[in-house]
1. Taking the stated definitions as given, is Asn119 over 13 Å from the mean Cα position of the chain (by Cα), in contact (Cβ under 8 Å) with a residue 12 or more places away in the chain, farther than 26 Å from Asp64 by Cβ and open to solvent by 30 Å² or more (accessible area, probe 1.4 Å)?
2. Which of the residues belonging to region 77-108 are over 26 Å from Leu16 (Cβ atoms), out of contact with any Cys (no Cβ under 8 Å at 6 or more places or on another chain) and among the hydrophobic types (A, V, I, L, M, F, W, C)?
3. Restricting to region 34-89, count the residues that are over 25 Å from Thr275 (Cβ atoms), among the small types (Gly, Ala, Ser) and assigned to a helix (DSSP H, G or I).
4. Which pairs have Cβ atoms under 9 Å, sit 6 or more apart or on different chains, and link a residue in region 25-50 that is more than 22 Å from Ile92 (Cα to Cα) and aliphatic (A, V, I, L, M) to one that is open to solvent by 30 Å² or more (accessible area, probe 1.4 Å) and outside any strand (DSSP E or B)?
5. Would you check which residues across region 134-156 are open to solvent by less than 50 Å² (accessible area, probe 1.4 Å), of a type outside the set (A, V, I, L, M, F, W, C), touching a helix residue (DSSP H, G or I) at 6+ places or on another chain (Cβ under 7 Å) and closer than 19 Å to Lys7 by Cα and list them?
6. Tally time: how many residues in region 255-275 are of a type in the set (Asp, Glu) and either loosely packed, with under 14 Cβ neighbours inside 10 Å or part of a strand (DSSP E or B) (or both)?
7. Among the candidates Ala96, Ala179, which residue alone is on the phi < 0 side of the Ramachandran plot and crowded, with 22+ Cβ neighbours inside 10 Å?
Amino acid sequence: MTTVVLKSHAKVNIGLQILDQRWDGYHTIHTIFQELEFHDTITLEKRDNGCDFSSNVEWLKNDDSNLCVKAWQKLADIFGVGGISIQLEKRIPAGAGLGGGSSNAATILKGLRQLYELNVSDNELESIGVELGADVPFFIQGKTQLGEGIGDKLNPIESVFKGTYLLVVPNLHIDTKWAYGKAKNILDKPIEIVNFASFIRKGIIPFELFENDFEAIVVPAYPEIGQIKNSLRAHKARFASLSGSGSTVFGLFDEEADAKSAESYFSSRYNTFLTSPSH
């Protein structure tokens with residue numbers, strides 16, 4: 001095998017609590033990661049040495065500022081894998097809370113394992129992945145997982161978040177460092193951890209408890225986010241939320257027809273994507 005073509009999926013967070021700030025500046029969180037069918041496409045081809053990266057977007061460079069290149073370098077350093085040609089067809093918007101860069105890095109790790117027939121477990125890849133980014137470990141196994149720690153302590157759960165997802169992506173760049181920097185206001189208040197996984201195992205989904213703490217930070221600064229969320233609910237979304245620290249707002253719909261109707265309302269003003277949970 002000299003070539004593999006892989007899907008690199010997006011994610012949303014269903015509920016996100018910010019619990020604490022660690023000594024290293026990272027924050028501990030409590031969240032449910034839900035992988036989606038919406039994806040980038042990555043083609044990997046063996047080459048003798050080095051890493052040659054190309055993409056359909058100009059802002060990703062063929063250097064070590066690129067998570068894809070960093071992922072190859074990690075496995076080259078640890079396992080001595082050979083060279084690689086990476087072709088990335090990017091669809092997931094950058095800086096939108098959908099985990100696109102982290103997903104790309106995880107997909108490179110998995111693709112190199114396949115191409116070079118490395119005897120490496122998913123858990124080992126997750127340990128390598130966290131050095132690239134806090135969300136990278138989730139994308140090694142994907143699907144639906146409870147995320148704790150900095151998002152690297154993961155437990156798969158049976159997904160009950162079925163339906164059609166409408167992603168609404170406003171033309172806003174919300175800086176993740178800024179959002180986490182403002183989290184001190186949340187951490188100053190007493191925190192009661194919502195046991196997301198326990199509710200799911202009981203088959204109960206109290207969506208009113210599945211809140212994203214970043215909304216209290218982001219919505220006052222970017223009122224448009226709150227307006228999109230309210231409009232999604234008004235268009236029959238069973239649940240609507242900010243994903244990660246933004247800027248994507250997503251709605252979960254029981255009926256695909258309702259999701260399509262909502263998309264027609266938003267699509268003239270925003271980037272929109274209809275998708276479903278990954279299988």
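The values are calculated or read from the model by the stated rules, or taken from the named source; none is laboratory data. These numbers come from a predicted model, not from an experiment. Because the Cβ atoms are built from the backbone with ideal geometry, glycine has one as well, and the counts that use them run over all protein chains shown. Ligands, DNA and RNA are stripped out before the accessible areas are found, and what is left, the full protein with its side chains, is counted by its heavy atoms. Shrake-Rupley method; radii C 1.70, N 1.55, O 1.52, S 1.80 Å.
1. no
2. Hits for region 77-108 are Ile78, Phe79, Val81.
3. The total comes to 1.
4. Ile29/Asp213
5. Listed by number, the residues that qualify are Asp135, Pro137, Gln145.
6. 2
7. From the options Ala96, Ala179, the qualifying one is Ala96.
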